[in-house]
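A.B. asks: Here you go, one structure.
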Amino acid sequence: MKNTHALTLLILLICKCSTSHPKTLEAEVLTDESYGYFRWHNSIRDGYVVVETKVFQDPKECHGEYNCSTQDHIKKFANLRPSDPSLTIPLKLGEYFAITKLRYGNASFFHCQTSDLTIYHGIQFRDPYDPKNPTVPYPSNTCEFLREDQVVCPSLQISKKGIQEIKLSVGEIRRKTISFRHLLEPNLILSTISLFYCGPVLSQIDFITVEERRY
């Protein structure tokens, strides 16, 4: 799995992945009395953060990260570079829930870092899983880590011209993984390039600060 992260990291940096949807100008949203907006802000200055968010209003039939309100949701994808660190999602007034996948990568010669994070907005999945009642509301007004790769944050309370923002900051290196298994990947050429560019050590980093703010 660590080798796949390194290979994906190199491919994304080479391709310079871009957003699949144009970013909405905040000024346009604020002129409409019926909307507020949800915003991501990346304060990480090196590398990139890929954000994929699915926003929905009814979490009752949510039976997993890929099975939540499939018929009625808003999905946004963006690469938050240091030069363009924000993603704005305009939403009508009301309460929303969301599931967000974050992927961080930063590659330089023999110094590659990567991290994956899932954020649940307003809900948690029950543990142990209950198929009849799979989710439980999250009542707190602050974000908290469920484990090193999962965070739960408040639901999206969209008010008139209001801003609800998630700020991302990078923290300490969590661990370093020795990974010679690059050479065992099916594509030997790309695996070898990944090994010789990143080296055998792949660093995992923490998103120490996942801060929810309202304006």
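The values are calculated or read from the model by the stated rules, or taken from the named source; none is laboratory data. On a predicted model such as this, the values are computed, not experimentally measured, just so you know. Don't worry about glycine lacking a Cβ; one is built from the backbone with ideal geometry, like all the others, and counts go over all protein chains shown.
A.B. asks: Which members of the range 64-85 meet the condition of being crowded, with 16+ Cβ neighbours inside 10 Å and at pLDDT below 80?
C.D. replies: 69
A.B. asks: Considering 127, 116, which residue is more than 25 Å from residue 44 (Cβ to Cβ) and either modelled with pLDDT under 90 or in a loop (DSSP other than H, G, I, E, B) (or both)?
C.D. replies: Working: 116 fails: more than 25 Å from residue 44 (Cβ to Cβ).
Answer to the check: 127.
A.B. asks: Return the pairs, sorted by first residue and then second, in which the second residue is assigned to a strand (DSSP E or B) and aromatic (Phe, Trp, Tyr), the first residue lies in the range 76-95 and is more than 15 Å from residue 51 (Cα to Cα), the beta carbons are less than 9 Å apart, and the residues are 6+ apart or on different chains.
C.D. replies: 90/35; 90/37; 90/38; 91/35; 91/37; 91/38; 92/35; 93/35
A.B. asks: Another question, if that's okay. Condition (residue is of a type outside the set (S, T, N, Q), more than 19 Å from the chain's Cα centre (by Cα), over 18 Å from residue 212 (Cβ atoms) and not in a loop (DSSP other than H, G, I, E, B)) applied to the range 141-162: is it met by at least one residue?
C.D. replies: no
A.B. asks: Looking only at the range 130-140, how many residues end up being crowded, with 18+ Cβ neighbours inside 10 Å and either β-branched (Val, Ile, Thr) or part of a strand (DSSP E or B) (or both)?
C.D. replies: Total satisfying the criteria: 1.
A.B. asks: Hey, does the range 68-82 have a residue that's closer than 27 Å to residue 161 by Cβ, of a type in the set (Asp, Glu) and part of a loop (DSSP other than H, G, I, E, B)?
C.D. replies: Yes, the range 68-82 contains a residue that is closer than 27 Å to residue 161 by Cβ, of a type in the set (Asp, Glu) and part of a loop (DSSP other than H, G, I, E, B).
A.B. asks: Can you give me the number of residues within the range 90-125 that are charged (D, E, K, R) and surrounded by 13 or more Cβ atoms within 10 Å (Cβ to Cβ)?
C.D. replies: 3
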